[in-house]
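First comes the structure, then the notes that go with it.
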Amino acid sequence: MLQDIFLQGISASPGVAIGAAYVIDRNRISAVERPIDVDEVEAECRLFQEAVSRSRQQLQEVKNRVAEPRLAEHLHIIDTHLLILEDQMLVGETLSLIRAERINAEGALKRILQKFRAVFDSIEDEYLRERRSDVDSVGQRILRNLMGAAQQSLADVDRKAIVVAHDLSPADTMQMDKERIIGFITDVGGRTSHTAILARSLGIPAVVGLESATAKVRDGMPLIIDGSTGTVVLNPSPETFRDYLQKKQFYEYLQQELIFYRDLEAETLDGHRIVLQGNVELAEEVPAALREGAQGIGLYRTEFLYMNREDTPSEEDQLQAYKTIVERMAPHPVTIRTLDVGGDKLVSSIDLSDEANPAMGLRAVRFSLKEKHLFKTQLRAILRASAFGRARVLIPMITGVAEIVACKACIAEAKEELTAEGLAFDEHLQVGIMIETPSAAMIADLLAREVDFLSVGTNDLIQYCLAVDRGNEHVAYLYEPLHPAVLRALRMTCQAAREQGVEIGICGEMAADPLYALVLLGLGFQELSMNAPYISQVKRIIRQVRRQEAEELVLELLQLGTAPEVAARLEAEMHRRFPSLFEAPRAAGSPGKC
Ligand code: PEP
Ligand code: MG
């Protein structure tokens, strides 16, 4: 038997699980289309309707059985599936097809599902494409009921196991008992699928998008999954097993230890407080941010709101989304970033012309200032949401003062309109900009005069500073967060913000990596915003150092000429200060690439 077969998928939920596979044989159901006689048509329609009502009943039962309080906030997903069961496109069209074409119910349903798939597959954005799985899983459920196939339920898993499935519906995930299901892997799916979000809420390690895991894994096969890196190992050798066992123990130890930090302030030994906030893309992520002790949302990426549809969201749609998050986070602030479309972020509802160099093209604020009606709609929604708590607006990819002046004019116009319409908003809504381009870092002093806060987007700042495409694996070796040019850009920005008396934060992935915590502290950042699971790790470091020592270390690092030299010096310092954190394998607990 071959050992150590490594598969690489998408990291959906962090943590390591080691155990035997429990393969869910869902993918194998195949409907066969056959013609029927005219006098069979109504009986076939009745069979189909019965299968639909059985599906409704099953979903209702799943909903009633959900006992895990962390899942209560996600029950709306089941409601969505119940709504799909009422959908005319799915149910009505299948019935029409049975009647019009005189084919059996399974065949008709199969054709309708294929039609849905073709429509969803042609959609470019990830979020909307993944909503296909909602329709798919409802369709599969009806099909199984129609064909009398058993609905293999995750509630039936009777041993400790790693579930392996082609796809898992949110209804499946909701039935997962953490005592028995220690992790799961799927062939399809992405990071923003409901199943992935639910896995993160439950704290179950998961890897999705493995493409052919179900074809390679047999029931009972020993498996390791590393949900932090998206790696799966089939039939691990004793050495691999030992390595991952160590990673698992370290990850669990860290999680336990970090619970202690959740409710504590991120305060240095010499009394300087840093505000640690969460980055979110969906309202569903807010409870996790609160649980991890986030003191606000430092980056709410609103692109996902635009991705979840074929048209652009109306002011009311946006208001509802922003208001939900602002209310849930109150009294903490929520930093709502205006649409950062373009570059590698494509949105199906917005048709960007083909550009030779999209990263440097019509992106972010440039697009907003070109399509002012869309920008104004978003600003009005943000302003109106500000009446329900503390909202701040953040403008991405600024390169010069003129852009801020133009944005502020749009904000002023939106305010005037709302006043004239008698709609409430926070008069003092704070306006901030992202520092993501070298030009913005170089003139941070001029930009800081215009706004209330600066937030550094290191993901893009590194890309533009070093001329390295952040998504291109061929030049990934040049993507160096500790490059002297990046450190100087960060220092310049911090100094400018401090001199101008505006708040300075960082919301790129650098903020989430504990290795950089001392550097960011020493440079003078006051707010660090990151994905919720990393907050406690960073807080632990901040609480164990003096800011003055961090400043001294930064001065030393700034003298070094290359990124590897800076990294070696920094790693040595972090190993010395935090042996338990940095000597154990880092992969299990560290964030993804910047
Ligand atoms: C960044 O560039 O660091 C950032 C936070 O923005 P995004 O990753 O969404 O481009
Ligand atoms: Mg960015």
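Scanning the range 455-500 for residues that are assigned to a helix (DSSP H, G or I) and within 22 Å of the chain's Cα centre (by Cα), we see that the one that is nearest to ligand 2 (Cβ to nearest atom) is Asp460.
If the condition is being more than 10 Å from Cys410 (Cα to Cα) and crowded, with 24+ Cβ neighbours inside 10 Å, then the range 372-383 contributes Gln378, Ala381, Ile382, Leu383.
Of the residues contained in the range 512-528, one or more are found to be open to solvent by less than 10 Å² (accessible area, probe 1.4 Å) and assigned to a strand (DSSP E or B). Filtering the range 258-290 to residues that are out of contact with any strand residue (DSSP E or B) (no Cβ under 7 Å at 6 or more places or on another chain), without any contact (Cβ under 8 Å) to a residue 40 or more places away in the chain and open to solvent by 50 Å² or more (accessible area, probe 1.4 Å) leaves Phe260, Asp263, Leu290.
Checked against the criterion of being open to solvent by 10 Å² or more (accessible area, probe 1.4 Å) and under 28 Å from Cys465 (Cβ atoms), the candidates Ala387, Ala440, Ala406, Ala364 yield just one match: Ala406. Each residue in the range 296-340 was checked for being over 20 Å from Ile506 (Cα atoms) and within 16 Å of ligand 1 (Cβ to nearest atom), and 4 of them qualify.
Report whether or not Gly293 is assigned to a loop (DSSP other than H, G, I, E, B), of a type in the set (Gly, Ala, Ser) and either open to solvent by 10 Å² or more (accessible area, probe 1.4 Å) or within 16 Å of ligand 1 (Cβ to nearest atom) (or both). When the stated conditions are applied, Gly293 passes them. Glu33 satisfies every condition listed in (1) part of a loop (DSSP other than H, G, I, E, B); (2) open to solvent by less than 70 Å² (accessible area, probe 1.4 Å); (3) of a type outside the set (A, V, I, L, M) except (2).
Restricting attention to the range 321-356, the residues that are more than 16 Å from ligand 2 (Cβ to nearest atom), open to solvent by 10 Å² or more (accessible area, probe 1.4 Å) and not in a strand (DSSP E or B) add up to 17. What number of residues in the range 545-559 are open to solvent by 70 Å² or more (accessible area, probe 1.4 Å), assigned to a helix (DSSP H, G or I) and not charged (D, E, K, R)? Counting residues in the range 545-559 that are open to solvent by 70 Å² or more (accessible area, probe 1.4 Å), assigned to a helix (DSSP H, G or I) and not charged (D, E, K, R) gives 2.
The values are calculated or read from the model by the stated rules, or taken from the named source; none is laboratory data. Predicted model, so just to flag it, every value in this text is computed and none were measured. FYI the Cβ positions are ideal-geometry reconstructions off the backbone, even for glycines, and counts take in every protein chain you see. Each accessible area value is taken on the protein alone, full model and side chains, heavy atoms only, with ligands, DNA and RNA left out. Shrake-Rupley method; radii C 1.70, N 1.55, O 1.52, S 1.80 Å.
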